[in-house]
There are 2 protein chains.
Amino acid sequence: MSEDYRDMWKSLGLDLEAHDALLDVLGKGYQDIYLAQKNRPEGMGYFDFVMSEVHGLRIKELIDEKAAGRKVIGSFCVFVPEEIVRAANATLVGLCTGADFATEEVEKLLPRNTCSLIKSAFGFKLGKVCPYIESADMIVGENTCDGKKKSYEVLNNLIPNLYVMDLPQMKSDEGRALLKAEYLRFKEAVEKLTGVTIDAERLKTGIGIVNNKRKAIHRLSDLRKADPAPISGLDALLGNQVFFYDDPVRFTDSVNKICDELERRIEKAEGVFPAGTPRILLSGCPMAVPNWKLPWIIETSGAVIVGEESCVGERGTRNLTDEGGSTVEELMDAIVDRHFQVDCAIFTPNPERLSHIEEMFREYKADGVIHYGLQFCQPYITESMPVEKALEEKDIPTLRIDTDYSMEDVGQLKTRVEAFIELLK
Amino acid sequence: MSEDYRDMWKSLGLDLEAHDALLDVLGKGYQDIYLAQKNRPEGMGYFDFVMSEVHGLRIKELIDEKAAGRKVIGSFCVFVPEEIVRAANATLVGLCTGADFATEEVEKLLPRNTCSLIKSAFGFKLGKVCPYIESADMIVGENTCDGKKKSYEVLNNLIPNLYVMDLPQMKSDEGRALLKAEYLRFKEAVEKLTGVTIDAERLKTGIGIVNNKRKAIHRLSDLRKADPAPISGLDALLGNQVFFYDDPVRFTDSVNKICDELERRIEKAEGVFPAGTPRILLSGCPMAVPNWKLPWIIETSGAVIVGEESCVGERGTRNLTDEGGSTVEELMDAIVDRHFQVDCAIFTPNPERLSHIEEMFREYKADGVIHYGLQFCQPYITESMPVEKALEEKDIPTLRIDTDYSMEDVGQLKTRVEAFIELLK
């Protein structure tokens, strides 16, 4: 990245030395995991560029937007509706997590037995290495799991602009009413932050922009059904990750361009791995940049990932928001209905998720499911045991892996993954 | 216990051999921890009897009640309103937990990293050693923490009569509306189970019975402010534990009798430990029978426990339900308001709990606070870190202990507790 950014990072209050070290590790990881792949689509060049500039040009864009009067809102979860943010001419960005950082400092504030995702988000803040959280005018937390819910109380002491959104735990009438009340409260907060009154037209535009981004991902996902798979799981995951950071219109165009290329590949029966390569459906916890450990292990162990049943994947993107409404009330209801369908393990019961895993297994012609649980993530790890049982009762080979962001268990995981893939051949 | 009970246990489907082994361990534990104490109030004889018959006579009573047409409802949490159960002429009992049992079987269904309380409840069910769960006509689960919420989905496959109550996560208007809707739904479910229509008079009677039980505990708690403490923390904890099992009217009388005796003790400046013994406030996770490990360590290390900021303690009992209403609507609102005040760590934020700890510290003239976290209980353990910080900023000596039900760490805990108590002298 250009030296020009150092002043920008400094003005954001980043710890330049620590940030250099982080970028160095990220760059090396990206080289070893992403650039080392073979037969990548040319269109991935755009995402390579995005990743090389993820703390550089993208931050500069946000700061330029802010200078022009736009607001930036940061979030940690797919339950924060981007439609509302876009409707107020503001930008929603996912905040940094996905790698261990400043763990010693974090464990002074949070229990050691907190999931890596939460500890990482705190580590990026405490270590002063996340330009997104430092650029944001508002940070939105959400009461999803206990770990996040209770850690936001601690985060509230570290940042001045935390907004906490409540979420229901059951898909009851009262649960929906609570979600709707919270989305209306969020709309008001965004209006207050931006000075923009969100009318039906603005909301419709916001919904359209976000739906287009989701539709591009749907198109990409659909192309992954081909054998040989035209794109690696790692590259497709990167698309799903960049979904949370990039300008949505540019992102949509870039994904569609890759899709054009993948269609040509499929016509020529070209793939990233040979036809007949065992096909894996990943299911479970979200994987934020640069948490590529498990996909990398899988795709260097003789298999290809053909789908992600994850918030950073199909759970997060599969549902569109109905654009048919003509009033704010109708459109807000559509946003509530859309998000109320998300089959996150925070809901009880959550049978839709199991159905979705089975559906994805069939649609993507997978040979096996690898369930990914972030250690100490109670909702997904508790759900993983009945999910594994139900899948195996339907003769769907399933491997359950619980891990964190450390690299200590890579050897052991590789052995387990290789043995599982061997069974699928 | 009498041999007569064996047929009863058999008819309930208990595993007699495993149950014998459990009772044997419980009896020995009670002997070593409770009966070995000195200077106990005579009135504790009643609780010794209750404990010796906790799987015997009390179960026979429940079965006799059932034969006479009453219903028995089992629960795991103070958010299940006993007022409503009593109003329908039914009996609410706390279900077994508090000791590791059948752990290997449990860990086939739940993650190893689940808190001991939840694993224990499953262990008692899977090991067929809890006569309460086997006697109950309805089992009520509640969406408190992620661990319980998600494990009830698994429990639902093990028992035919699970009813799940949803709970809010924030004390907002929508949160209260959700709680009220859930309590109304529970009232209907109890009416359906019992065939009793709950009118205002019945509800008032139910509230009265439960309030009296709470008032007796308030009286007991108040007497513990004396120095020397007239009753040990272990014995007072036992009262708070039996609160969940015993016939409420008999329980109320028995606690009041002990209070009469404690008043006489206080007049004579008699105590269980010498005046000036360091006084500890316990704060944190609930302790179910026979989870006496930490109190036993504390009271054999030179200190006396003078209060429990816990669901099995003052958090669970301190608030009374307003009896002033004259309609079902008013009385149900009073029940909702009463339970909405409970400052459980499942709520976010939860500043009332910190205030209550500080208030108890002053009122009970404590010298220090020991925070008890059940390992993997994310709500309390995450809350414990800012709580410790806030207390220490107010010069309240605080020791944070996270542990489980195993005895492996007793030596290490004793060393830490002794060192802490030494500092208080």
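So that you can scan it fast, the table gives a plain yes or no per residue for (1) of a type in the set (A, V, I, L, M); (2) under 22 Å from B:Met8 (Cα atoms); (3) away from chain A (no Cβ under 14 Å):
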| site | (1), (2), (3) |
| --- | --- |
| B:His55 | no, yes, yes |
| B:Glu83 | no, no, yes |
| B:Cys96 | no, yes, yes |
| B:Thr114 | no, no, no |
| B:Asp137 | no, yes, yes |
| B:Gly141 | no, no, no |
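Quick one: count up the residues across the stretch A:77-92 that are at negative phi and open to solvent by 10 Å² or more (accessible area, probe 1.4 Å).
Taking the stretch A:77-92 as the starting set, the residues that turn out to be at negative phi are A:77-88, A:90-92.
After this cut, where a residue has to be open to solvent by 10 Å² or more (accessible area, probe 1.4 Å) as well, the list is A:77-78, A:82, A:86, A:92.
Total meeting the criteria: 5.
Scanning the stretch A:93-108 for residues that are surrounded by fewer than 22 Cβ atoms within 10 Å (Cβ to Cβ) and polar (S, T, N, Q) turns up just one, A:Thr103. Residues that are of a type in the set (Lys, Arg), closer than 20 Å to A:Arg176 by Cβ and not assigned by TED's automatic domain parsing to the domain that holds B:Cys77: does the stretch B:188-200 have at least one? The answer is no, given that none of the residues of the stretch B:188-200 is of a type in the set (Lys, Arg), closer than 20 Å to A:Arg176 by Cβ and not assigned by TED's automatic domain parsing to the domain that holds B:Cys77. The set of residues from the stretch B:396-405 being part of a loop (DSSP other than H, G, I, E, B) and either closer than 17 Å to B:Gly29 by Cβ or charged (D, E, K, R) (or both) comprises B:Asp404, B:Tyr405.
Anything in the stretch A:406-425 that is part of a loop (DSSP other than H, G, I, E, B) and of a type outside the set (D, E, K, R)? List them, or say none. So that I can check it myself, show each step before the final result.
First pass over the stretch A:406-425, keeping only residues part of a loop (DSSP other than H, G, I, E, B): A:406-409, A:425.
Within the stretch A:406-425, A:Ser406, A:Met407 meet the criteria.
Given B:Glu53, B:Glu42, which one is surrounded by fewer than 17 Cβ atoms within 10 Å (Cβ to Cβ), outside the structural domain of B:Arg250 (by TED's automatic domain parsing) and more than 15 Å from B:Tyr132 (Cα to Cα)? Break it down stepwise before answering.
Working: B:Glu53 fails: more than 15 Å from B:Tyr132 (Cα to Cα).
B:Glu42 is the lone residue from the list that is surrounded by fewer than 17 Cβ atoms within 10 Å (Cβ to Cβ), outside the structural domain of B:Arg250 (by TED's automatic domain parsing) and more than 15 Å from B:Tyr132 (Cα to Cα).
With under 29 Å from A:Glu383 (Cβ atoms) and under 16 Å from the mean Cα position of the chain (by Cα) as the only criterion, which of A:Glu299, A:Glu314 stands out?
Numbers: A:Glu299 fails: under 16 Å from the mean Cα position of the chain (by Cα).
The match here is A:Glu314.
Looking across the stretch B:142-177 at every residue that is open to solvent by less than 50 Å² (accessible area, probe 1.4 Å) and charged (D, E, K, R), the one that is farthest from B:Arg338 (Cα to Cα) is identified as B:Glu153.
In the stretch B:143-254, which helices (runs of 4 or more DSSP H) lie fully inside it and hold 2 or more residues that are closer than 28 Å to B:Ile63 by Cβ and within 12 Å of another protein chain (Cβ to nearest Cβ)?
Values: elements: B:146-155, B:173-194, B:200-223, B:233-242.
The qualifying helices (runs of 4 or more DSSP H) are B:146-155.
Working only within the stretch A:348-392, note down all residues that are among the aliphatic types (A, V, I, L, M) and within 13 Å of another protein chain (Cβ to nearest Cβ). Give the derivation first.
Filtering the stretch A:348-392 for residues among the aliphatic types (A, V, I, L, M) gives A:354, A:357, A:360, A:366, A:369-370, A:374, A:381, A:385, A:387, A:390-391.
Selection gives A:Leu354, A:Leu374, A:Ile381, A:Met385, A:Val387, A:Ala390.
For A:Arg400, the requirement of being basic (Lys, Arg) and within 13 Å of chain B (Cβ to nearest Cβ) is met.
If a residue has to be within 26 Å of the chain's Cα centre (by Cα) and over 30 Å from B:Glu299 (Cα atoms) to count, how many in the stretch B:17-39 make the cut? Write out each step before concluding.
Taking the stretch B:17-39 and keeping what is within 26 Å of the chain's Cα centre (by Cα), we get B:18-39.
Now restrict to residues that are over 30 Å from B:Glu299 (Cα atoms): B:18.
The qualifying residues number 1.
The C-beta contact set for the stretch A:373-392 (first residue farther than 20 Å from B:Glu105 by Cα, second residue among the acidic types (Asp, Glu) and open to solvent by 20 Å² or more (accessible area, probe 1.4 Å), distance under 6 angstrom, 6+ apart or interchain) comprises A:Gly373/A:Asp402; A:Gln375/A:Asp402; A:Gln375/A:Asp404.
From B:Leu57, B:Leu23, grab the single residue that is hydrophobic (A, V, I, L, M, F, W, C) and over 18 Å from B:Val249 (Cβ atoms).
On the way: B:Leu57 fails: over 18 Å from B:Val249 (Cβ atoms).
When all the criteria are applied, what remains is B:Leu23.
Restricting attention to the stretch A:255-275, the residues that are of a type outside the set (S, T, N, Q) and part of a helix (DSSP H, G or I) total 12.
Might you check whether a residue that is open to solvent by 60 Å² or more (accessible area, probe 1.4 Å) and either without any contact (Cβ under 8 Å) to a residue 60 or more places away in the chain or closer than 16 Å to A:Ile335 by Cα (or both) occurs anywhere in the stretch A:224-246? Among the residues of the stretch A:224-246, not one is open to solvent by 60 Å² or more (accessible area, probe 1.4 Å) and either without any contact (Cβ under 8 Å) to a residue 60 or more places away in the chain or closer than 16 Å to A:Ile335 by Cα (or both), which makes the answer no.
The values are calculated or read from the model by the stated rules, or taken from the named source; none is laboratory data. From a predicted model like this one, the values you see are computed outputs, not experimental measurements. Neighbour counts run over all protein chains shown; Cβ positions are idealised from the backbone, glycine included. Surface areas here come from the heavy atoms of the whole protein model, side chains and all, with no ligands, DNA or RNA. Shrake-Rupley method; radii C 1.70, N 1.55, O 1.52, S 1.80 Å.
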